[in-house]
Each structure stands twice: as C-alpha cells, then as structure tokens.
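Colleague: My structure is below; once you've seen it, I'll send some questions.
The values are calculated or read from the model by the stated rules, or taken from the named source; none is laboratory data. Predicted model only: the values in this text are computed from it and were never measured. Counting neighbours? That spans all protein chains shown, and the Cβs are built from the backbone with ideal geometry, glycine included.
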Amino acid sequence: MTDNTGHSASLIAAGATLPAGVSSSRAVRRLQAAAPLILRWAFALLLLALLISPMLPLIYQSFVNRPLYEAGKLLTLGNFTKLFADPSFQSACVNTFWFAVIGTIVSTAVGFVAALLLERLDLPGRKTLKIMFLAPIFVSALILALSWSMLYGPGGFADIWLRATLKFGLPNLNSLGGMAVLSGVSSAPVSYLLFASAMGNIPGTLEDAARAAGASPMRATLGIIVPLIRPSLLYCVLLNFVLNIDQLAVPLIIGGPARVQVLSTYLYDNGIAVKSDYGLVSAAAVVMLIMIQVFVVGQKYALGDLRRYTTVGGKSLRRGLVPMGRAGWTVSALIALYIVLTTLVPSLFLVLRSFSSFISPLVPITSVLTLDNFKLVFGYEAYIRSIINTLIVSIVGGLGATVLTFIGGVVAYRSPPAIKRLVEMSAFIPRAIPGIVVGIGIFYAAIIFPGGSYLSGTLAILMIAFTIRYYPTGFALLGPSMLQIDQDMERAVRVAGGAEARSIIAVLLPLLRPALVGCFLLYFVSFFKEYAAASFLFGPNTAVVGTTMLQLDMMGNLGPTAALSVVTLVLTLPIAIFVYARD
Amino acid sequence: MTNAVQLRQVSKSFGPVTVLDGIDLDVPEGSFTSLLGPSGCGKTTLLNLIGGLDRPTGGEIGFGGDLIYSAAQAVNVPTEKRNVGYVFQSYALWPHMTVLQNVSYPLRIRRLPAAERNAKAREMLDKLELGALADRYPFQLSGGQQQRVAIARSLVYQPRLLLLDEPLSNLDAQLRERARAWLKSVHESFGLTVILVTHDQAEALSLSDHIVLLSKGHIEQQGPALEIYERPRTAYAAEFVGSANVIPGRLAADGLSVEAAGGTSVLTAGPPGTPQSAAAVAIRPQAIRFANGNDGAGTIVPFVAKTVLYLGGLYEITGTTPLGELRVLSPNAPPADREIQIFLPAEACIRVEP
C-alpha cells in the first residue's frame, strides 16, 4: 500500500479498462444508470394522477356553467351562488354540523371509556368482549343502519313491543339525534382502536416507575396512562368528524324517512336525480371536500404522522392489568349490555328477519318463518348478478389493489427520499375524499378523459373507484410491514449477484406474504361492503350488493334486504374477524 | 504486488452533508485491511461504495485493472456485477431459507445446476464446520453460527473481494475473541482480499496487516498495523489506536522537547522539529513508570493519584501532574493521597501533530 502521495490522477490514465458487459457508449451508460429512477418517478406520478383523478373534473365542473360534456363552457361562480342560496343545502349544512358533533361525542366517549376498561382492567371475559365490541367495524354501517331501523325505528319490533308491554315507546330513531347516535355507535370501535394503540405506545416502564414509587395499579393507570393518551383525544375528535361527514348509509336509511338531509345525502339525492344539475352537484362536492380537508389537515397537525394510528389490530398490551375482583363482573356486565343492545340483538334480529315474512311482537314467530326472502334473492337474476359482481369486484379488484399497493410500497420505501415523500403523500390523498365524492368524481372523469367511455358502466370502473377509496387503508397496513424488513436482506441478494427485481421476488415478497394476505383480505372486505362510491357508477349490469340493498330498502322490501345482508355477513364476517383479530 | 481495490478522489455527500471527501486508497491483493474509526467517520459508507450498495458523488473506483466506478465516465458497475462478498452487520440471512438454501442461493443466481450448487454449498459449509446445521433455519442458530453462515454465503461464489461490516460487533466478548482467531484463519486459508470495517482498535490491530484510520470523512493515517500503533502521526491517531495520553504544547528551542501549557517540558525522541511550532506528545499509559532515581533519558514529573481502578494484574491510575491529567497503567498501586514522581521515558514520548 502506498501512502496518500504518488497516486496517478486517474485510473483510466493508469490503464484501467471497462469490465465486460459494460456498454462502451457513455450515453448508454448514463441512460442505464438513470432507468430505475425514471421508472420509479413514472410510477409515482401515475399513482398521484390516479388518486387525484376523482377531484380534478369535479373542481373544474364546479366552476363552469355547463355540463362537462357540452361545448361552449364559461368559467363562473354561479354554481356556488346557486348552491348557497338553496335552502335545502343550508339546512343540510346545519344538520351535518350537529350530526357530526353528536356522532363524534358519542363515538369518542364510548371508545375512550371502553378502551380504558377493556385494555387496562382485568375483567372477566375481556378478550371476547373486546372482539364483540369491535364487531361493528366488521359489519358495514349499511347493515347496522338497516338492522337498527327494523328493530328500534318507529314501528320497529322493539318500539312496538315496548308500547304493548310498558305503554311507552322509544324516542324516534328517525331524527337527527337518532342517526347521530347510531353513527357514533358504529364508529366507536375506530375510536377504541385509536386509544388502545395510543396506550400501547406508552412505554411500560413509565407505569412500572409509578408502581415502584408506590402507586396502586389503578392509580398508575389514572395518573400516568390517562394523561398520556389525552393528546390522542384531539386526533380522535378530528378523525370522527371526517368519518361522520363521510357517512352515507346512516343518514340515508335513518334520516331519509324523516327527510333529515345532511351533505352526503344532499349530494346523493341530487346526484342520482334523473335531471341532475352537474354544476350544483360539483359545487356541493367541492364544499364537502374542503370541509373534510380542514379536518384532515388538522389531524396531521394533531399528531404529525398520520400513519401512526391508522393500523387497525392494535398492539396488545403485555403488561399487568388492574385487578378488579368482584367489581369486574359488574363492569363486564355493563359492557356486555351495551354490546347486546347496539350490535348483537340488532344483528340477530336482522338474521331472524331474513328468515321470516314479517315480524311483530303481536304475531307468533313460528307462523311467519319462511325461506321466501332467500328464494327471492337467489331466484331473481338481477340479485344473483349483483352478488356475483360484488365477488368479482372484491376478488379481482382486491388483487389489483394489493399489487398496486405493493408496487407503491416498493417505490416508496426503496427509493430516494423525494419519491418516498411523493408516494406517501399521494397514498393518503383519498383519505380526504368522501366515498360519495369519489363516485361522482370518477363518473365525471370517465366523461371527460379520453377512453373513459369504454370504462363507464363496467365493473372495471367500480374497481378503480374502490381502489382509490381504500388505497390509504391498504397502504397504511402494508407500509409499516415493509419498513420493518431489514433492507440488508435484499442487499445481500444484490451482493450475491442478483438484480433488483430478483431481490424483490426472492426476499421481499416471501417475507411480506402475511402482510400481503392481510392487505388483500382488507381490500376484499372493504370492496364487498362499499356502496357509497358505487352509487353513481353502477350500470344496468353492474350493480353490487350494497347498491342493490339500498334500492331494495328504498322500495320497502325489508325481507330481501335482510336476506342480502345475511349473505354479505356470511361472506365477509369470517374474513373480517380473521383480519382484525389476528393479533 | 497488484492492488485489488483502488480508490481515487472518491467522495460521497448526502445533500449538503459531506460524508467522505477525496479518499485515495489502494488495497493490495490478498491483504487484510481494516477501515477503522469512530461511528460517523464514514467507514461503513466507504465499504458500501466499494461494494456498490451506495453510489459515490465523485471520483473513481477500480478493481484490479477494471474500472468499476467513474463519475466522469458515467461508469457504475451495479453491485450484482461486482462479484464481491459482503457480510452485513446484521448478517442479513434470509429467514425463509435454510442454511443450505442461504448458502446455495448465490449459485442459483449464477444458474448452476441444483446438484452442483448443493455440492458446492455443502463443501463450503463443511469447510467452515457448519455441515451439521445445513437444514436449520437462521432463527435456530446462535449469533456466532449466524455469522459463520453469512461468511459461508459470501465465500461460496468465490468473490474477488470479501467486505465485512463490523461482523463481530453482535457477538458477546468471549465469542468475539474466538471469532477473531477464526476469521484470521479463514483469511489465511482462502487467500482472499478482505476489507473489514470496525470501530474496535483491538480488532483492527489483531486482524489486519493494514489499517486505514478514518476521521470525519478523510483518511487520518494508513499503513501497517504496527506502524500506526508505534508511530501515530497525529494526536487523534495516538488517542484512537491504543488510547495514548496526549499533552499539547509547543516545540522548544532544541527541537526535541515539547513545552506544555504549564511551562513544564517533556523530552521526546528525535528527529528534531522546527522550534516554536505547535506540537503534542503522545505517551501510552503502560509506558509511564514510577520514578526510581535511576531512570535514563526522559522527563520526571510529580503526580497525585485521583482514581485507582484495579483491572486484574494491573492498576489504571488517573492523576494530576503539571502536564495536566495523565493515565498510568502500573502493576503496583500508588501510595494514597501522597505526591509521587513518575517517569516519562523519552523513547516512549512520540511527537505528534496536535
């Protein structure tokens, strides 16, 4: 080895040659070196284009005076003036506000208390109660709304039974308060998971230190854990606002009969109307986008990184629970009562309803039991087709979305920081687009983008819309798993002589398999349940279960609706429980 | 002797942060070279540039007569075409493959028939005394075994160069000693060029024929291990390799004595330097003795012991002197709370750049 002195200035000058296989042209070498980066940028930009595609045509439409497909459009603010002057829009805004406020309070309060009780106290039957409490995430809000309306609605079974036996009925479910409470109940599990994961992120040593300093387990929980999860409260409130504004099934089914309109149902009613006013609908959608945007940006500031709390499943706490003794049975019983009233009885009632022609406390159940509802559903080609369509969309679309998520992850986490930021940012854009707006946006996009006409009315457009809608959820599930894999294992393939593609196929793919399966199942279940984004996109031959159920319910065909709900539950519930309860 | 690796003016920066700056380095064929330095000095980055896991921002890299990287010529041979072995700090064994599959996979990439690659992989496992573990999965192995498998995996395809990124740092102290001896014997029996990254000077001294000492992205000193230890060029080199006491000062009129801040001079061995230039004296703790009135050429200073640590057979004594705080390694404990005289032999006092 020579010292720092005496080196020739260049290895080329010293006679170094290009190894075999390296192109002799400098331009070719430059291009070869840049190719992987060019590919990544191309994918990242296409992903961005896909995920913002529902928004752009909408925003454009809201500022022009004629429908997108007509010539001679002029820029105008007329759509917005017209919108703000519409009294039903004004009342929808006011209703949305109260709906979101009450729903958020219910969801946050229930989620907070339940998380504290079920995650920190040593209760009898804790695990079972936890899964039961989380059940509404497995069931779509659509099904929950249907079952509540059949059971607790005016003229529902419980209402009539109470009137007959106790001489007083239930407060009217078909009201702003009723729908807000149901919406809160249906999103309480989300709040629960958020608080549970916030608790899981608190290092166990902090609590241990309090115990060592002489605090009882209960005191350590109240004095250390509760204050530390308080910052999550703000995040939870903002998240619930978004969920409530996004909510379509509950306002449609519970609020519809009482003519209580919120923004999403305003959009739905005006959007599917026969002579729909494109400008007005777009303007309303843009207002909704802006509202959601405010809360999503707020969430970002509340916690910094959005992904920290988005993975469902939550870490299980492996630390000492507060011993409860006999009081534990009382607490468990109260939680069980809540679950029975909000989830268990309504679900069972729905199942029962699907097997009967009519249910009333005044008629003996044995006289109304029948298989007619299922016969109707399975005997009518349009219904069977909607089930088959849903399966195709869920399986094919779910696979496609999983592949897209995987590529997105590879491009994000195996690339320079600029690309990573772009992909991550793109991946979370649809979080700020309500499902119904995704539907309208894609509908408009198919009108104005070239080639879009081939897509409209096909199952492919549903798959695209669903993929956009759930991409943030899938990405949030897959991303962290990908980050956990030590990149050295792929580099080891490279060093051993394998190209980049080989390192991904030989190492990343097999190691990521459990996460990919989870990601696919999540897409499957989500696509199966989705109805909001589909309501503007399905054609005569491409109805899905969700849209069919909505139509049947609107027509008052409760039996077949219940039967379709049961079919949905049978096909999705086991998978959903497998995905969410794996830990 | 030809050079297995040549680096010319290699630099690497991440945005505005320069991690490596103008590195010139030649690694002789068949040598065991250590890249030594504290964390953050850029040693692992340098290894990654050589292995192709990272891309330099400037300069040239050659392997033998082949140009592997050149910023000016837009040459960058990808990692997989460089034919190097690389042992990661985490070992990076593929957890879904058995030991045999791990070791034979590089041969599969090279499209060897199954029978041949299994035979070669088994042969390599046997050579490294891992034959019995062939069907185990990585998680069933101890840390030491994992390290051997990682080395087997990177040797099986006969790379032109073996790169090791702190391969011993995940082993406990006892195992590390054994692994060190084993690594040395592997190097000797395979006759391979090895480049090792380490922050452990004892590891570098015991394993390598050449040491490249890095500091803040540049080469502080490089040369044979013995030379680095016995003739450190700078205060940093003296402190990092063999942890010397360093006394900063100024060269006296005789060009040999260094006058410390307090006015006391320390006599060093030649050659004489320019009087009045800034200089420092490095002296190893074990070279300092208690004075006995019969000491020869050197410097005697008063010493008050402050802390005494028994290390087993030796005492590490830290005390104050007019030269500042000094560390002494001695077989005898000093008398408590009393000033004694210590002797700094001139031949052990190395003059270094401050």
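Colleague: Search the range A:322-349 for residues being surrounded by 14 or more Cβ atoms within 10 Å (Cβ to Cβ), hydroxyl-bearing (Ser, Thr, Tyr) and over 18 Å from A:Leu569 (Cα atoms), and hand back the single one that is nearest to the chain's Cα centre (by Cα).
Modeller: So, considering only residues that are surrounded by 14 or more Cβ atoms within 10 Å (Cβ to Cβ), hydroxyl-bearing (Ser, Thr, Tyr) and over 18 Å from A:Leu569 (Cα atoms), the one nearest to the chain's Cα centre (by Cα) is A:Tyr338.
Colleague: Of all the helices (runs of 4 or more DSSP H) wholly in the range A:1-115, which have at least 2 residues that are in contact (Cβ under 8 Å) with a residue 24 or more places away in the chain and polar (S, T, N, Q)? Walk me through it before giving the result.
Modeller: Details: elements: A:26-52, A:55-62, A:78-85.
Correct list: A:55-62.
Colleague: To continue, here is another question. Taking the range B:137-155 on its own, how many of its residues are part of a helix (DSSP H, G or I) and of a type in the set (Phe, Trp, Tyr)? Walk me through it before giving the result.
Modeller: Initially, the range B:137-155 is screened for residues part of a helix (DSSP H, G or I), giving B:138-140, B:143-155.
Pick out the ones that are also of a type in the set (Phe, Trp, Tyr) and you get B:139.
Of the residues in that region, 1 qualify.
Colleague: Just a yes or no: is a residue in the range B:81-89 within 12 Å of chain A (Cβ to nearest Cβ), more than 17 Å from A:Pro19 (Cβ to Cβ), surrounded by fewer than 22 Cβ atoms within 10 Å (Cβ to Cβ) and not polar (S, T, N, Q)? Spell out how you get there, then give the answer.
Modeller: Taking the range B:81-89 and keeping what is within 12 Å of chain A (Cβ to nearest Cβ), we get B:81-89.
When the remaining residues are screened for being more than 17 Å from A:Pro19 (Cβ to Cβ), the result is B:85-89.
Going one step further and asking which of them are surrounded by fewer than 22 Cβ atoms within 10 Å (Cβ to Cβ), we end up with B:89.
Still in the list and also not polar (S, T, N, Q): none.
So far as the range B:81-89 goes, no, none of its residues is within 12 Å of chain A (Cβ to nearest Cβ), more than 17 Å from A:Pro19 (Cβ to Cβ), surrounded by fewer than 22 Cβ atoms within 10 Å (Cβ to Cβ) and not polar (S, T, N, Q).
Colleague: Contact list please: Cβ distance under 7 Å, first residue in the range B:18-40 and of a type in the set (Phe, Trp, Tyr), second residue in a loop (DSSP other than H, G, I, E, B) and crowded, with 24+ Cβ neighbours inside 10 Å, pairs at least six apart or on different chains.
Modeller: B:Phe32/B:Ser208
Colleague: Consider the range B:326-354. How many of its residues are under 30 Å from B:Pro272 (Cβ atoms) and either of a type in the set (S, T, N, Q) or touching a residue at least 60 places away in the same chain (Cβ under 8 Å) (or both)? Explain how you work it out, then say what you get.
Modeller: Filtering the range B:326-354 down to residues under 30 Å from B:Pro272 (Cβ atoms) leaves B:326-329, B:341-354.
Next, from what is left, pick out any that are either of a type in the set (S, T, N, Q) or touching a residue at least 60 places away in the same chain (Cβ under 8 Å) (or both): B:326-327, B:341, B:344, B:346-354.
Of the residues in the range B:326-354, 13 are under 30 Å from B:Pro272 (Cβ atoms) and either of a type in the set (S, T, N, Q) or touching a residue at least 60 places away in the same chain (Cβ under 8 Å) (or both).
Colleague: Here's another thing I want to ask about it. Could you please give the count of residues in the range A:442-457 that are assigned to a helix (DSSP H, G or I), among the aromatic types (Phe, Trp, Tyr) and surrounded by fewer than 18 Cβ atoms within 10 Å (Cβ to Cβ)? Let's see the steps before the verdict.
Modeller: To start, the set of residues in the range A:442-457 that are assigned to a helix (DSSP H, G or I) comprises A:442-448, A:452-455.
Among the residues that remain, those that are also among the aromatic types (Phe, Trp, Tyr) are: A:443-444, A:454.
When the remaining residues are screened for being surrounded by fewer than 18 Cβ atoms within 10 Å (Cβ to Cβ), the result is A:454.
Total satisfying the criteria: 1.
Colleague: Can you find even one residue in the range B:116-136 that is in contact with a Leu (Cβ under 9 Å, 6 or more places away or on another chain), acidic (Asp, Glu) and not in a loop (DSSP other than H, G, I, E, B)?
Modeller: There is at least one residue in the range B:116-136 that is in contact with a Leu (Cβ under 9 Å, 6 or more places away or on another chain), acidic (Asp, Glu) and not in a loop (DSSP other than H, G, I, E, B).
Colleague: State all residues of the range A:167-208 that are farther than 30 Å from A:Ile229 by Cα and either of a type in the set (S, T, N, Q) or modelled with pLDDT under 80 (or both); if no residue qualifies, say none. Break it down into steps so the answer makes sense when it comes.
Modeller: Taking the range A:167-208 and keeping what is farther than 30 Å from A:Ile229 by Cα, we get A:167-176.
Answer for the range A:167-208, where residues must be farther than 30 Å from A:Ile229 by Cα and either of a type in the set (S, T, N, Q) or modelled with pLDDT under 80 (or both): A:Lys167, A:Phe168, A:Gly169, A:Leu170, A:Pro171, A:Asn172, A:Leu173, A:Asn174, A:Ser175.
Colleague: Name the residues in the range A:479-507 that are outside any helix (DSSP H, G or I), surrounded by fewer than 23 Cβ atoms within 10 Å (Cβ to Cβ) and facing chain B (nearest Cβ under 7 Å), would you? I'd like the intermediate steps shown before the answer.
Modeller: Within the range A:479-507, the first condition is being outside any helix (DSSP H, G or I), and the residues that meet it are A:485-487, A:496-499.
Checking which are surrounded by fewer than 23 Cβ atoms within 10 Å (Cβ to Cβ) leaves us with A:485-487, A:497, A:499.
A:Asp486, A:Gly497, A:Ala499, listed by residue number.
Colleague: Let me ask something else. Pull up the range B:165-188, narrow it to residues that are touching a residue at least 40 places away in the same chain (Cβ under 8 Å) and surrounded by fewer than 22 Cβ atoms within 10 Å (Cβ to Cβ), then point me to the one that is farthest from B:Leu36 (Cα to Cα). Spell out the reasoning first.
Modeller: Applying the first criterion (touching a residue at least 40 places away in the same chain (Cβ under 8 Å)) to the range B:165-188 yields B:165-167, B:169-170, B:184, B:186-187.
Keeping just the survivors that are surrounded by fewer than 22 Cβ atoms within 10 Å (Cβ to Cβ) gives B:166, B:169-170, B:184, B:186-187.
Details: B:Glu166: 10, B:Ser169: 13, B:Asn170: 17, B:Lys184: 17, B:Val186: 20, B:His187: 18 Å.
Going through the qualifying residues, I end up with B:Val186.
Colleague: Could you say whether any residue in the range B:30-41 is at positive phi and within 11 Å of chain A (Cβ to nearest Cβ)?
Modeller: no
Colleague: What strands (runs of 3 or more DSSP E) completely inside the range B:280-354 contain at least 2 residues that are among the basic types (Lys, Arg) and surrounded by 12 or more Cβ atoms within 10 Å (Cβ to Cβ)? If you could, list the steps in order and put the result at the bottom.
Modeller: Details: elements: B:298-310, B:315-321, B:324-330, B:340-345, B:350-352.
Where strands (runs of 3 or more DSSP E) fall fully within the range B:280-354, none carries at least 2 residues being among the basic types (Lys, Arg) and surrounded by 12 or more Cβ atoms within 10 Å (Cβ to Cβ).
Colleague: Could I ask something else about it? So which helices (runs of 4 or more DSSP H) are wholly in the range A:366-417 and hold at least 1 residues that are modelled with pLDDT of 85 or more? Steps first, please.
Modeller: Numbers: elements: A:372-379, A:381-392, A:398-413.
The helices (runs of 4 or more DSSP H) meeting that bar are A:381-392, A:398-413.
Colleague: If you don't mind, there's one more thing I want to ask. Checking A:Phe527 against (1) closer than 30 Å to B:Gln101 by Cα; (2) buried (at least 23 other Cβ atoms within 10 Å of the Cβ); (3) away from every other protein chain (no Cβ under 14 Å), which single condition isn't satisfied?
Modeller: All conditions pass for A:Phe527, except number (1).
Colleague: Limited to the range B:5-31, what total is found for residues that are charged (D, E, K, R) and either under 18 Å from the mean Cα position of the chain (by Cα) or surrounded by 20 or more Cβ atoms within 10 Å (Cβ to Cβ) (or both)?
Modeller: Step one: list which residues in the range B:5-31 are charged (D, E, K, R), which gives B:8, B:12, B:21, B:24, B:26, B:29.
Then drop every residue that is not either under 18 Å from the mean Cα position of the chain (by Cα) or surrounded by 20 or more Cβ atoms within 10 Å (Cβ to Cβ) (or both), which leaves B:8, B:12, B:24, B:26.
So the answer is 4.
Colleague: Right, next: Would you point out which residue out of B:Ala244, B:Ala237, B:Ala280 is touching a Gly at 6+ places or on another chain (Cβ under 9 Å) and within 25 Å of B:Gly319 (Cα to Cα)? Talk me through it step by step, then tell me what you get.
Modeller: Details: B:Ala244 fails: touching a Gly at 6+ places or on another chain (Cβ under 9 Å); B:Ala237 fails: touching a Gly at 6+ places or on another chain (Cβ under 9 Å).
Among B:Ala244, B:Ala237, B:Ala280, only B:Ala280 is touching a Gly at 6+ places or on another chain (Cβ under 9 Å) and within 25 Å of B:Gly319 (Cα to Cα).
Colleague: Right, next: Exactly one of (1) within 17 Å of B:Leu162 (Cβ to Cβ); (2) under 28 Å from the mean Cα position of the chain (by Cα); (3) of a type in the set (S, T, N, Q) is unmet by B:Asn102. Its number?
Modeller: So B:Asn102 meets the others, but not (2).
Colleague: Same structure again: Examine the range B:220-238 for a residue that is within 14 Å of chain A (Cβ to nearest Cβ), hydrophobic (A, V, I, L, M, F, W, C) and either in contact with a helix residue (DSSP H, G or I) (Cβ under 6 Å, 6 or more places away or on another chain) or in a loop (DSSP other than H, G, I, E, B) (or both), and state whether such a residue exists.
Modeller: yes
Colleague: Next up: Out of A:Phe99, A:Phe80, report the one residue that is surrounded by 16 or more Cβ atoms within 10 Å (Cβ to Cβ) and under 26 Å from the mean Cα position of the chain (by Cα). Walk me through it before giving the result.
Modeller: Working: A:Phe80 fails: under 26 Å from the mean Cα position of the chain (by Cα).
After applying the criteria, what remains is A:Phe99.
Colleague: Return the total of residues in the range A:530-583 being out of contact with any Gly (no Cβ under 7 Å at 6 or more places or on another chain), surrounded by fewer than 18 Cβ atoms within 10 Å (Cβ to Cβ) and of a type outside the set (A, V, I, L, M, F, W, C).
Modeller: Qualifying residue count for the region: 6.
Colleague: How many residues are under 20 Å from A:Ala445 (Cβ atoms) and among the β-branched types (Val, Ile, Thr) if we restrict to the range A:63-80?
Modeller: 1
Colleague: Just one of A:Ser503, A:Ser526, A:Ser535, A:Ser565 is closer than 30 Å to B:Arg111 by Cα and hydroxyl-bearing (Ser, Thr, Tyr); which is it? Lay out the reasoning, then the answer.
Modeller: Working: A:Ser526 fails: closer than 30 Å to B:Arg111 by Cα; A:Ser535 fails: closer than 30 Å to B:Arg111 by Cα; A:Ser565 fails: closer than 30 Å to B:Arg111 by Cα.
Selected residue: A:Ser503, the only one of A:Ser503, A:Ser526, A:Ser535, A:Ser565 that is closer than 30 Å to B:Arg111 by Cα and hydroxyl-bearing (Ser, Thr, Tyr).
Colleague: Right, something else. Restricting attention to helices (runs of 4 or more DSSP H) lying wholly within the range A:215-294, give those where 2 or more residues are within 25 Å of A:Thr104 (Cβ to Cβ) and assigned by TED's automatic domain parsing to the domain that holds A:Val181. Before you say what the answer is, go through the steps one by one.
Modeller: Details: elements: A:217-220, A:226-246, A:263-272.
The qualifying helices (runs of 4 or more DSSP H) are A:226-246, A:263-272.
Colleague: Also: For the range A:222-263: of the residues being in contact with a Ser or Thr (Cβ under 9 Å, 6 or more places away or on another chain) and within 15 Å of A:Met199 (Cα to Cα), which is surrounded by the most Cβ atoms within 10 Å (Cβ to Cβ)?
Modeller: A:Cys236
Colleague: Going by what's in this entry, would B:Ala71 be described as touching a Gly at 6+ places or on another chain (Cβ under 6 Å) and either more than 8 Å from chain A (Cβ to nearest Cβ) or modelled with pLDDT under 90 (or both)?
Modeller: On the way: touching a Gly at 6+ places or on another chain (Cβ under 6 Å): yes; either more than 8 Å from chain A (Cβ to nearest Cβ) or modelled with pLDDT under 90 (or both): yes.
When the stated conditions are applied, B:Ala71 passes them.
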